[in-house]
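Novice: Provided herewith is a single structure, encoded as structure tokens, for subsequent inquiry.
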């Protein structure tokens, strides 16, 4: 039986970073706000944005974001006490005319890992990946740049390995993006392997996760001439980055012009991915697919599609799975004003 649930999220814009802790006990009828932590950067009148959040095994909270200042855009990492919401420490990564934009964070027992995009003056970008210990000390810092533009959007940790995925422009004249996945040693940042997926057209990854054996799974979008973008999910071997399997979803629209994976989670031997898919009469819909981790076999009789109330743009952002295998997806959905 397929268990699939939808939650909708209203997106708001803020100019400071706010972190809120909410306490909820089973059986209560309302949530209790425990504290709100607000971060305002050092530059007056400039924006600060939160990008992601993670919690370690002791409950401490780590928030990454960006802070605009006179000479660039810095990556900000903040650690909060879960009881009081007090800021325990703050770290900034960036310099004069460097723009370090964090995209994802992961935490294990030895530290905090961040990856994202780093630019200097021009539009050309590199991938930056850093590790801090739990006290905020920088352990290592790595930059990857072999072409005109690289950017990372996802990071995962398993054992002594850190996995980063993103995109790399390998085109000599015109853009030709490949899916790039890199494995670092978590203790010192030594690069163990890197691999690219290239079908001759543009390919992008948006999210990454690992299984209990440290095999790597990424999702994103892959372009096929005459067919548009397909929803793509790939498994790479943990030891060497060899591609074990690749699965594509081509949608239901007549033109099949845009199907794109946005988030992935691996749990209990299954791979769950969600993204948007263009329908002929329904505009963009949520699409969620469940695969077996070994061979990439689809486990549901059909993919789960969600079309909102007005046949307009419905785009998922994130996915999670509970211990009973129920699947939850959140994102945005258009609705007519009453």
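Laboratory data are not the source of any read-out in this text; all were calculated from the coordinates shown. Just so it is clear, the model here is predicted, and its values are computed rather than measured. Note that each Cβ is placed from the backbone with ideal geometry, even for glycine, and that neighbours are counted across all protein chains shown.
Novice: Of 315, 244, how do they rank once you tally other Cβ atoms within 10 Å and put the fewest first?
Specialist: Taking fewest neighbouring Cβ atoms as first place, the list is 244, 315.
Novice: Sort region 148-204 into rounded, prolate or oblate with this rule: let a ≥ b ≥ c be the square roots of the eigenvalues of the Cα gyration tensor; rounded if a/c is under 1.5, and if a/c is not under 1.5, prolate when a/b is larger than b/c, oblate otherwise.
Specialist: It is prolate, given that a/c is not under 1.5 and a/b is the larger ratio.
Novice: If you rank 117, 150 by fewest surrounding Cβ atoms within 10 Å, what's the result?
Specialist: Fewest-to-most Cβ neighbours within 10 Å comes out as 117, 150.
Novice: For residue 294 and residue 334 in the same chain, what is the full-extension length gain: residue separation times 0.36 nm, less their Cα-Cα distance, in nm?
Specialist: Computed gain between residue 294 and residue 334 is 10.7 nm.
Novice: Just to confirm my numbers, what's the Cα centroid distance between region 56-82 and region 234-299 in Å?
Specialist: Cα centroid to Cα centroid, the span is 31 Å.
Novice: Using a ≥ b ≥ c from the Cα gyration tensor of region 46-194 (square roots of the eigenvalues), is it rounded, prolate or oblate, where a/c under 1.5 gives rounded and otherwise the larger of a/b and b/c decides, a/b for prolate?
Specialist: Because a/c hits 1.5 or more and a/b fails to exceed b/c, region 46-194 counts as oblate.
Novice: When the chain is fully extended, how far beyond the present Cα-Cα distance does residue 52 get from residue 305, taking 0.36 nm per residue of separation?
Specialist: 88.4 nm
Novice: Using alpha-carbon pairs under 8 Å, 6+ residues apart, how would you state the relative contact order of region 96-333 in percent?
Specialist: The value is 10 percent.
Novice: Which shape class, rounded, prolate or oblate, goes with region 201-338 when its Cα gyration tensor gives a ≥ b ≥ c as root eigenvalues, a/c under 1.5 marks rounded, and past that a/b bigger than b/c marks prolate?
Specialist: The shape class here is oblate.
Novice: Sort 270, 284 so the one with the fewest other Cβ atoms within 10 Å of its own Cβ comes first.
Specialist: 270, 284
Novice: Over the Cα atoms of region 96-333, what Rg and Dmax result, in angstrom?
Specialist: Radius of gyration, then largest Cα-Cα span, for region 96-333: 17.8, 54 Å.
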